[in-house]
1. Give me the net charge for the shell around Val8: Cβ to Cβ below 13 angstrom, other residues only, Lys and Arg +1, Asp and Glu -1.
2. Can you tell me which lysines have their Cα less than 28 Å from the Cα of Lys217? Leave out same-chain residues fewer than eight positions away.
3. Which of the lysines could a cross-linker span from Lys410 if the Cα-Cα distance has to be under 17 Å and same-chain partners fewer than 8 positions apart are dropped?
4. When the dipole is taken about the Cα centre of the chain, and only Lys, Arg (+1) and Asp, Glu (-1) are charged at their Cβ, what size is it in debye, to the nearest 20?
5. Of the peptides 216-227, 183-194, how do they stack up when ordered by the mean number of other Cβ atoms within 10 Å, highest first?
6. Can you check what the net charge comes to around Pro344, using other residues whose Cβ is under 13 Å from the Cβ of Pro344 (Lys, Arg +1; Asp, Glu -1)?
7. Using the 10 angstrom Cβ neighbour count as an exposure proxy, how do Tyr2, Tyr141, Tyr72 rank, fewest first?
8. Check cross-link reach from Lys320 to the aspartates and glutamates: straight Cα distance under 18 Å, and skip same-chain residues fewer than eight apart.
Amino acid sequence: MYQISDNVSKHTNVYDVLKERGFIRQTTHEDEIRELLEKESVTFYIGFDPTADSLHIGHFMQIITMMYMQKYGHRPIVLIGGGTTMVGDPSGRTDMRQMMTKETIMENGEKFKKVFGQFIDFDNDRAILDNNANWLLDLNYVDFIRTIGRHFSVNRMLAAECFKQRLETGLSFLEFNYMLMQSYDFLELYRRYNCKMQFGGDDQWSNILGGVDLVRKEERAQVFGMTFALLTTSDGKKMGKTQKGALWLDAEKTSPYEFYQYWRNVEDADVKTCLSMLTFLPMEEVERLASLKDAELNHAKEVLAYEVTLMIHGKEEADKAQAAAKALFSGEGSMENVPRTQIPAQEFAGEGMGIISLIARVKLVASNGEGFRTIEQGGLSINGKKITDGKLMITEDYFEDGTLLIKKGKKSFHMIELV
C-alpha cells in the first residue's frame with residue numbers, strides 16, 4: 001500500500017495541509033471544521049458512483065484527500081454508490097446519464113473496491129468501505145417521501161446549481177430524487193458510524209448542503225461539509241481528458257506510458273497545481289520545482305509524471321514509462337516500453353494499408369478527418385520522415401527490421417510491429 005512520507009508537511013492540522021496545497025474550495029463552517037479536525041479523530045465520507053468499470057484521475061483527487069485525512073488520524077468511509085448510480089447524478093451534466101443495469105453497477109463497484117486498498121488502510125477499523133445499495137435499494141418509497149422528502153423545499157432545490165443548469169434542457173423526475181438520496185446517505189452514515197463530515201468535488205456542493213441540513217433536522221446534530229477544487233488547467237478547462245477519453249487508473253484502459261506522458265506534457269502554467277494536488281512532495285520542493293524556467297521546467301514535469309505514475313501503477317511501470325519517454329525524446333533509455341501494436345504482415349502486402357486507416361486503427365487520431373488534417377499540417381512522420389500524402393499506402397517496404405515508428409505532433413508515438 002502506498003504510504004505518505006512523514007515529512008510531507010510542517011502543519012499538524014490536516015485542514016491547513018489541504019488548504020496550503022489548494023484542495024479546499026467551500027466549507028459549511030470553516031472555523032468549526034478546523035477546530036474539529038484539530039481536537040478529535042473525525043469519521044468522514046466520500047461517495048463514488050460506479051458509473052464506469054474503472055476509476056479515473058478525478059476520483060484519485062478524492063483518494064488523495066482521504067489519504068491525507070487518514071495520515072492525520074481521521075477515519076475515511078469509502079461509500080460505493082450502488083444505489084445512487086441507479087438514479088444518476090445530474091450535477092455538471094447537460095443530459096441524462098445513460099441507464100445501467102443493477103448487475104453492471106454492482107460489477108463496477110467490485111472493481112472500484114480493489115483500487116481503494118492500494119491507498120487506504122482498512123485494518124483495525126481505520127477505514128470503512130460500504131455501499132449505499134445496502135439501504136437505498138430496499139426503501140419503501142412512500143415512507144421515504146413522508147420522512148425524508150418533507151424536509152426538502154422544491155423551490156430551494158430548483159435554485160441549486162446542480163438542477164438549475166438542467167432546467168432548460170430537461171430534468172427528469174428520476175434525477176430530481178438524487179439530492180434526497182445523497183442527503184439520506186449522510187443521515188444513514190451519521191446513524192451507523194457517527195460520520196460527521198462529507199467531502200466531495202465542488203460540483204457536489206448542493207448535494208452536500210442537503211445532507212448537512214437533513215441530519216440537523218432529523219437528528220438535531222451538527223455535521224459538516226467541504227468541497228474540493230476540481231482539477232482544472234490554468235484557463236479553467238477540466239484536466240484528465242485525453243484523445244481516447246478519460247484518464248483512467250486501470251492500466252488496461254490507459255496504459256502506464258500514456259498515463260506518464262499525459263503528466264509529462266502538461267502546460268507550464270499547470271505544473272505547480274499538479275505537483276501540489278497529485279503528489280506528496282513537500283511544498284518546499286513543489287515551490288522549487290515550479291519555479292524552474294524554460295527548458296529546466298521539463299525536469300519538474302518529469303518528476304510530476306514519475307511520481308503520479310509511481311502511485312497508480314507502481315515502481316516497475318513508472319520506470320518503464322520514464323525509460324520509454326527518454327528513449328523517444330532524448331535518445332536515452334530503452335524503446336521496448338514505447339506503446340506498440342502488432343499487425344500481421346499480410347495486411348501490408350500488395351497495395352498495403354492506407355496511412356489514415358493505420359493511424360486511426362492504433363488510435364493516434366480519433367477520426368479519418370483528423371488524420372488528414374494532421375498530415376496537411378505537417379504533424380505526422382514515419383521512422384523520422386515527414387508524411388505529406390494523406391493517400392499514402394504503407395507496405396512492408398516502409399518497415400525497418402519489422403518495425404515502424406509513427407510520430408504524431410511532438411509528443412505522441414506508436415510502434416507498429418509485423419507478425
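Bear in mind these aren't lab numbers, they're just calculated from the coordinates by the rules spelled out. Values in this document were obtained by computation on a predicted structure and should not be read as measured data. With ideal geometry, Cβ positions are generated from the backbone for all residues, glycine too; neighbour counts draw on all protein chains shown.
1. Working: positive: Lys10, Arg21, Lys71; negative: Asp6, Asp16, Glu20, Glu284, Glu285, Glu307.
So the environment of Val8 carries a net charge of -3.
2. Of all the lysines, those that pass the test against Lys217 - Cα under 28 Å, at least 8 places apart if same chain - are Lys39, Lys164, Lys196.
3. Of all the lysines, those that pass the test against Lys410 - Cα under 17 Å, at least 8 places apart if same chain - are Lys301, Lys326, Lys363, Lys385, Lys386.
4. Numbers: 50 positive and 61 negative charges, 152 e Å.
The dipole magnitude comes to about 740 debye.
5. 183-194, 216-227
6. Values: positive: Arg361; negative: Glu347, Glu396, Glu417.
Local net charge: -2.
7. Details: Tyr2 13, Tyr141 9, Tyr72 21.
So the ranking, lowest neighbour count to highest, is Tyr141, Tyr2, Tyr72.
8. Those aspartates and glutamates meeting the cut-off are Asp250, Glu252, Glu258, Glu302, Glu307, Glu332, Glu336.
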